[in-house]
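Readers should treat all values here as calculations from the given coordinates under stated rules, not as data from a laboratory. Predicted, not measured: the structure shown is a model, and the values here were computed from it. No Cβ is skipped: glycine too gets one built from the backbone with ideal geometry, and neighbour counts run over all protein chains shown.
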C-alpha cells in the first residue's frame, strides 16, 4: 500500500485591494440636496415601502428544536442588517456637524510647586 503524502498547508495571498476597504467619501452640499429630493419623491417612498415589506419577520418557526436559539439569533442579525442599511442610507442626507477644535488641556503638576509658597 503506497504511503500517502501529507497535505501541504499554505497561505494564499489576496490582492491588497480586496483586504482594505475604501474610506467613505462624504457627499457635497449639492449632492445631499439632490439626494434629499430623491428620497422625498413619491417613487422612492413607494419603493422603500415595498422593500420594508420584504424585511424578514421576527416570528420564525421551528424554534423549539435544538437549533432554536441559533435560528432566532440569526434572524435577529438579519433584521439588524436591514435596519442598519436603512439608517446608513438616511444618514447620507444629513449635514455633517462641524468639527470644533478641542481646547488644549493644561494641568498643574502640584509636585513641582515648592511647599512654602
Looking only at residues that are outside any loop (DSSP other than H, G, I, E, B) and without any contact (Cβ under 8 Å) to a residue 40 or more places away in the chain in segment 90-110, which one is nearest to residue 31 (Cα to Cα)? 91
With criteria (1) more than 23 Å from the chain's Cα centre (by Cα); (2) surrounded by fewer than 11 Cβ atoms within 10 Å (Cβ to Cβ); (3) part of a loop (DSSP other than H, G, I, E, B), residue 43 comes up short on (3)
Residues being over 27 Å from the mean Cα position of the chain (by Cα) and exposed (fewer than 10 other Cβ atoms within 10 Å of the Cβ) - total across segment 63-108: 8
For residues that are in a loop (DSSP other than H, G, I, E, B) and in contact (Cβ under 8 Å) with a residue 12 or more places away in the chain, scanning just segment 58-89, find the one that is farthest from residue 24 (Cα to Cα). 60
